[in-house]
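Okay, structure first, notes after.
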Amino acid sequence: MYHEPVFTTLAEYMQSGRATEKTDVYSFGVLVLEVLSGKRPTDASFIEKGLNIVGWLNFLITENRPREIVDPNCEGLQVESLDALLSIAIQCVSSSPEDRPTMHRVVQVLESEVMTPCPSDFYDSNSD
């Protein structure tokens, strides 16, 4: 049985006969959702409801509750970083490949809104 994340990228692959950046972006979005939720894409809690991780996210979006996908263990993280990660994941798993960002754009968002740069003295004190 194929589940949506696999099927979506598989269908795109079958149409073009090759993997594309947009299928990679979708897969990256699924990976980010796994990290944020602490669940596998085909977690039993989704399957019993006929969903997968992307279907669960889409359901939460329609209920205006997308933040509920975030694992409670992530509560110590900055809200802005969580929101940026969730936003990029939502964009990456868009059902329309044209609506997905490029990986270049994903990296820009991650660098500017999620990653905290190491202080410059970190490199000075740890260099030999």
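Quick notes on this one:
- Region 45-110 - charge dipole about Cα centre, Lys and Arg +1 at Cβ, Asp and Glu -1, debye rounded to 20: 140 debye
- Kirkwood-type radius of region 26-102, with distances r between different C-alpha atoms, in Å: 12.6 Å
- Dipole magnitude of region 4-116 about its Cα centre (Cβ charges: Lys, Arg +1; Asp, Glu -1), debye to nearest 20: 240 debye
Read the figures in this text as sums done on the coordinates, not as results from a lab. On a predicted model such as this, the values are computed, not experimentally measured, just so you know. When we count neighbours, we look across all protein chains shown, and the Cβ atoms used for this are built from the backbone with ideal geometry, even at glycine.
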